[in-house]
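Quick notes on the structure that follows.
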Amino acid sequence: MTKAVTGKCLCGAVTFTGTPAERGTGVCHCKMCRMQSSGPFFAVRMVDGVHITQDQALKWYDASDIGERGFCTDCGSTLFWRSKDCEPGQWAVSAGTLPDDAVPEIFEHIWNDDKAPYYEFADAAPRRTAAECLDGTPEPKPNGPTDAR
């Protein structure tokens with residue numbers, strides 16, 4: 001079992017705690033994740049959810065029919081992704097917000113059919129398509145405001 005860690009945005013205006021799940025880090029290659037951070041989203045799930053300890057600059061963006069994205073309004077750090085039907089605190093946490101030694105190895109790539117052609121990963125983790133990820137869920141459509149202020 002891994003231990004509880006503290007995560008934070010670049011400027012420290014948003015902090016949280018949680019215990020990273022041992023299953024590993026998921027990598028999302030969807031266009032929305034790539035637009036938000038100029039690369040895939042490295043997502044870590046927490047065993048008992050995310051416990052926000054400081055949220056003065058936390059903002060949620062209504063990104064699609066199925067998910068919302070949390071970020072810091074002060075420094076712009078990408079912090080979280082959450083499904084609109086998830087349990088409280090059961091969010092995907094940006095691996096970059098955690099201590100390096102707390103981030104587990106990659107266990108899967110999702111939305112791999114949406115991956116940009118300008119990069120490749122050499123690992124052997126399974127690759128899942130958008131259809132496999134959604135598995136009967138309507139394909140997400142951007143519906144949030146273009147201005148996330």
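Within the stretch 80-123, can you find the residues that are under 13 Å from residue 44 (Cβ atoms) and among the β-branched types (Val, Ile, Thr)?
Matches in the stretch 80-123: 93, 97, 103, 106.
It is to be established whether one or more residues within the stretch 40-52 are touching a helix residue (DSSP H, G or I) at 6+ places or on another chain (Cβ under 9 Å) and without any contact (Cβ under 8 Å) to a residue 40 or more places away in the chain. Reasoning before the result, please.
Residues of the stretch 40-52 that are touching a helix residue (DSSP H, G or I) at 6+ places or on another chain (Cβ under 9 Å), as a first pass: 40-44.
Restricting the remaining residues to those that are without any contact (Cβ under 8 Å) to a residue 40 or more places away in the chain gives none.
Within the stretch 40-52, not a single residue is touching a helix residue (DSSP H, G or I) at 6+ places or on another chain (Cβ under 9 Å) and without any contact (Cβ under 8 Å) to a residue 40 or more places away in the chain.
Quick grid of which residues meet (1) surrounded by fewer than 19 Cβ atoms within 10 Å (Cβ to Cβ); (2) within 11 Å of the chain's Cα centre (by Cα); (3) over 21 Å from residue 84 (Cα atoms); (4) not charged (D, E, K, R):
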{"residue": "16", "(1), (2), (3), (4)": "no, no, no, yes"}
{"residue": "30", "(1), (2), (3), (4)": "no, no, no, yes"}
{"residue": "33", "(1), (2), (3), (4)": "no, yes, no, yes"}
{"residue": "50", "(1), (2), (3), (4)": "no, no, no, yes"}
{"residue": "53", "(1), (2), (3), (4)": "yes, no, yes, yes"}
{"residue": "59", "(1), (2), (3), (4)": "yes, no, no, no"}
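Looking only at the stretch 82-110, filter to residues that are in contact with a His (Cβ under 9 Å, 6 or more places away or on another chain) and at pLDDT 90 or above; which one of those is surrounded by the fewest Cβ atoms within 10 Å (Cβ to Cβ)? Even if it seems obvious, please write down each step before you answer.
Of the residues in the stretch 82-110, the ones in contact with a His (Cβ under 9 Å, 6 or more places away or on another chain) are 89, 109-110.
Narrowing the set further to residues that are at pLDDT 90 or above leaves 109-110.
Values: 109: 18, 110: 24.
Among those that are in contact with a His (Cβ under 9 Å, 6 or more places away or on another chain) and at pLDDT 90 or above, it is 109.
Being within 29 Å of residue 17 (Cα to Cα), of a type in the set (D, E, K, R) and outside any strand (DSSP E or B) is the filter here; which residues of the stretch 97-121 pass it?
100, 101, 105
For (1) out of contact with any Phe, Trp or Tyr (no Cβ under 9 Å at 6 or more places or on another chain); (2) at pLDDT 90 or above, each residue gets a yes or a no:
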site	(1), (2)
4	yes, yes
28	no, yes
42	yes, yes
66	yes, no
75	yes, yes
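Could you check the stretch 90-112 and list, in sequence order, the residues that are farther than 23 Å from residue 76 by Cβ and free of Cβ contacts under 8 Å to residues at least 60 places away in the same chain?
90, 101
Please work out if residue 7 is in contact (Cβ under 8 Å) with a residue 24 or more places away in the chain, over 22 Å from residue 125 (Cα atoms) and assigned to a loop (DSSP other than H, G, I, E, B). Quick ask: steps written out before the conclusion?
Working: in contact (Cβ under 8 Å) with a residue 24 or more places away in the chain: yes; over 22 Å from residue 125 (Cα atoms): yes; assigned to a loop (DSSP other than H, G, I, E, B): no.
No, not satisfied.
The values are calculated or read from the model by the stated rules, or taken from the named source; none is laboratory data. Quantities reported herein were computed from a predicted structural model and do not represent experimental measurements. Using ideal geometry, Cβ is built from the backbone for each residue, glycine included, and neighbour counts are taken over all protein chains shown.
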